[in-house]
Amino acid sequence: MRADPFVLRMERRVAAFVAGRDVVRRGERVLLMLSGGADSMAMLALVRAADERLGLGLGLAALHVDYGLRGADSARDREIVVRACAAAGIDLEVVALEGRLRGPDFQARARELRYERAWQEAARRACTVVTAAHNRDDQAETIVYRLAKYASPQGLVGIRPREQGAPGRAALARPLLCLGADEIRAYCATRGIEFGEDVTNAAPIYARNIVRHEVLPRLARLNPRVTETLAAAAGIAAAEREVVAAAVEAAWERVAVSDGEDDLAALDLDALAREPEALRALCLRRLLERGRAADALVERREVEALERLAARRDDAGSVSIRGGWEVVRGGGRLRLRRRRTPHVCSPMILPVGGRACFCGRRFVARLLPGAVWPDAGVVGRASAAPPVSATGRAVVPTPVTGSASKLPSGRSAATRLEAFVGLATPPLRLELRHPARGDRFTPFAMEGETTVARFLAAAHVPPAARERALVLVIDGCIAWVGYETRTGERRGRVAQPFRVSESTACTLHVVEEEG
């Protein structure tokens, strides 16, 4: 019997699309994902027709995932797929996932499980490509959804006819992107292809359904061929993306730096600042993509958060990223790494004249009369005030015994923390703790008040070491901040109101004990 002209046109279009866009290749083993709906059952027939028309010699197998959530409709769809595959002589694998998808985010989790099973089945059967039955209307919905949610021109690229899979995974192909949903249904009706209706596709509770049933019909009032227009725009954007990708790759080579031990990727901020604004944003987007699945888009807000982090005047700060990642600024770099569990120690009350342990270290506090500085290893009353350095400590030619070691350069590098704090009256309460968000103090010999975080960043304290810095709080006021530099030198800065001067009534000496 002579084939219907409409059926022939559809099959010729799909065959031309498959050949022209390299959707599936000669001799490939192909796993068809079949849901039992109109699109997938048409795909079964159209891929077989393209195989015959083009002489591709494909090896076909099929997978049906049964979620078991729609009662009789789920059983109906499964039987439709079973009958169609038996009639076509195609080996079918049915996977039951009943009870696995209760709760929110059903569609996203269903898609994740469906594709994971497809990759597993493709690997088991040595298939090089998995086919999905996305059509031109699905393409338009994807573009509208991504532009509305992510505000990225990259979202205009939409879904591609063929996408290379992750290492060790089959490619993903979409042979029906050249056809509209109405054309596919008409093809099924003309060919007498059996399919099932999924009533959840009309439920307005899913974002995709809102785009399909509300947004696109309104856009069609402006342009009756809106889905074709959007699909054409996706093709143009995909071609232009190759040009953009080359420019981003060149920029990435200029700004990317060697990863640290814990870094997934890192960017040099000075090099990044020299790039044009558009390329800066694209490099930041690429940094975020390093912590995402291949098909996951980056949201506009995330890129803007990194732009603000890169523009900060102090070399500090971090941004939490979805998926358990964070981008940390420090040392003139932006680093993408796994989000660390914060280092937390409960504040410790330090008794005057006694000892206490904090963060695995022992400290002793002594209250001494008058103005006191370290002098040749002896702590006592000073008869005259020696010169004072920017750290708020006296400049003396000899380091405190046991608290410093000589470097090759001749300067002394402290190996333990030590603070000399000037007071007008004996303190009522001493507290040692780590820095807290919003901590502020006025460092000695610096202009004005600043945050402890900015002070530590300006002192080139590594980001990982900043949360372990020490803050000495006297009667509710930050009096001193201790920290460790990149070279392992331990330093401290007294607050301006607590500096030791000739008029100091008493000096609080806090020192870390060895051992």
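The values are calculated or read from the model by the stated rules, or taken from the named source; none is laboratory data. Fair warning: this is a prediction, and the values are worked out from it, not measured in the lab. Here the Cβ is made from the backbone with ideal geometry for all residues, glycine too, and neighbour counts use every protein chain on show. Calculation scope for accessible area: heavy atoms of the full protein, side chains included, ligands and nucleic acids excluded. Shrake-Rupley method; radii C 1.70, N 1.55, O 1.52, S 1.80 Å.
So which residues in the stretch 1-24 are without any contact (Cβ under 8 Å) to a residue 60 or more places away in the chain, surrounded by 16 or more Cβ atoms within 10 Å (Cβ to Cβ) and closer than 18 Å to residue 164 by Cα, if there are any at all?
Across the stretch 1-24, the qualifying residue is only 19.
Take residue 403 and tell me if it is over 37 Å from the mean Cα position of the chain (by Cα), within 22 Å of residue 348 (Cβ to Cβ), open to solvent by less than 60 Å² (accessible area, probe 1.4 Å) and modelled with pLDDT under 85.
On the way: over 37 Å from the mean Cα position of the chain (by Cα): yes; within 22 Å of residue 348 (Cβ to Cβ): yes; open to solvent by less than 60 Å² (accessible area, probe 1.4 Å): yes; modelled with pLDDT under 85: yes.
For residue 403, the condition - over 37 Å from the mean Cα position of the chain (by Cα), within 22 Å of residue 348 (Cβ to Cβ), open to solvent by less than 60 Å² (accessible area, probe 1.4 Å) and modelled with pLDDT under 85 - is met.
Restricting attention to the stretch 64-77, report how many residues are in contact with a Lys or Arg (Cβ under 7 Å, 6 or more places away or on another chain) and crowded, with 19+ Cβ neighbours inside 10 Å.
2
Cβ-Cβ under 8 Å, sequence separation 6+ or interchain: first residue in the stretch 277-302 and more than 18 Å from residue 163 (Cα to Cα), partner at pLDDT 90 or above and acidic (Asp, Glu). Which pairs?
280/307; 281/307; 283/275; 284/307
Residues that are modelled with pLDDT of 85 or more and open to solvent by 70 Å² or more (accessible area, probe 1.4 Å): list the helices (runs of 4 or more DSSP H) wholly contained in the stretch 137-247 that include at least 2 such residues.
Per the criteria, 181-191, 216-222.
Tally time: how many residues in the stretch 277-324 are closer than 30 Å to residue 452 by Cβ and either in contact with a Cys (Cβ under 8 Å, 6 or more places away or on another chain) or among the charged types (D, E, K, R) (or both)?
Here the count works out to 11.
Looking only at residues that are open to solvent by 10 Å² or more (accessible area, probe 1.4 Å) and farther than 24 Å from residue 506 by Cα in the stretch 441-454, which one is modelled with the lowest pLDDT?
447
Inspect all residues belonging to the stretch 342-357 and state whether any of them is open to solvent by 30 Å² or more (accessible area, probe 1.4 Å), without any contact (Cβ under 8 Å) to a residue 60 or more places away in the chain and touching a Lys or Arg at 6+ places or on another chain (Cβ under 7 Å).
yes
How many residues does the stretch 303-330 hold that are open to solvent by 40 Å² or more (accessible area, probe 1.4 Å) and either of a type outside the set (Ser, Thr, Tyr) or in contact (Cβ under 8 Å) with a residue 24 or more places away in the chain (or both)? Spell out how you get there, then give the answer.
Applying the first criterion (open to solvent by 40 Å² or more (accessible area, probe 1.4 Å)) to the stretch 303-330 yields 304, 307-308, 311-313, 318, 320, 322-323.
From what is left, the residues that are either of a type outside the set (Ser, Thr, Tyr) or in contact (Cβ under 8 Å) with a residue 24 or more places away in the chain (or both) are 304, 307-308, 311-313, 318, 322-323.
Summing the residues that are open to solvent by 40 Å² or more (accessible area, probe 1.4 Å) and either of a type outside the set (Ser, Thr, Tyr) or in contact (Cβ under 8 Å) with a residue 24 or more places away in the chain (or both) in the stretch 303-330 gives 9.
Which number in (1) assigned to a strand (DSSP E or B); (2) within 36 Å of the chain's Cα centre (by Cα) marks the one condition that residue 479 misses?
(2)
Considering only the stretch 208-218, state which residues are over 18 Å from residue 179 (Cα atoms) and touching a residue at least 24 places away in the same chain (Cβ under 8 Å).
208, 211, 215
Can you tell me how many residues within the stretch 413-437 are modelled with pLDDT under 90 and either assigned to a loop (DSSP other than H, G, I, E, B) or crowded, with 17+ Cβ neighbours inside 10 Å (or both)?
5
Mind listing just one residue for me: the one in the stretch 21-62 that is in a loop (DSSP other than H, G, I, E, B) and of a type in the set (A, V, I, L, M, F, W, C) and, of those, farthest from residue 117 (Cα to Cα)?
Here the residue is 56.
For every residue, the table says whether it meets (1) charged (D, E, K, R); (2) in contact with a Ser or Thr (Cβ under 8 Å, 6 or more places away or on another chain).
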| residue | (1), (2) |
| --- | --- |
| 442 | no, yes |
| 449 | yes, yes |
| 456 | no, no |
| 463 | no, yes |
| 470 | no, no |
| 484 | yes, no |
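Limited to the stretch 469-514, what total is found for residues that are surrounded by 16 or more Cβ atoms within 10 Å (Cβ to Cβ), basic (Lys, Arg) and more than 16 Å from residue 371 (Cβ to Cβ)?
Residues flagged as surrounded by 16 or more Cβ atoms within 10 Å (Cβ to Cβ), basic (Lys, Arg) and more than 16 Å from residue 371 (Cβ to Cβ) within the stretch 469-514 amount to 3.
Please give the number of the condition residue 291 fails out of (1) open to solvent by 60 Å² or more (accessible area, probe 1.4 Å); (2) of a type in the set (Gly, Ala, Ser); (3) in contact with a Phe, Trp or Tyr (Cβ under 8 Å, 6 or more places away or on another chain).
Every condition holds for residue 291 apart from (1).
Here are some conditions: (1) open to solvent by less than 80 Å² (accessible area, probe 1.4 Å); (2) closer than 24 Å to residue 303 by Cα. Residue 262 meets all but one. Which one does it not meet?
(1)
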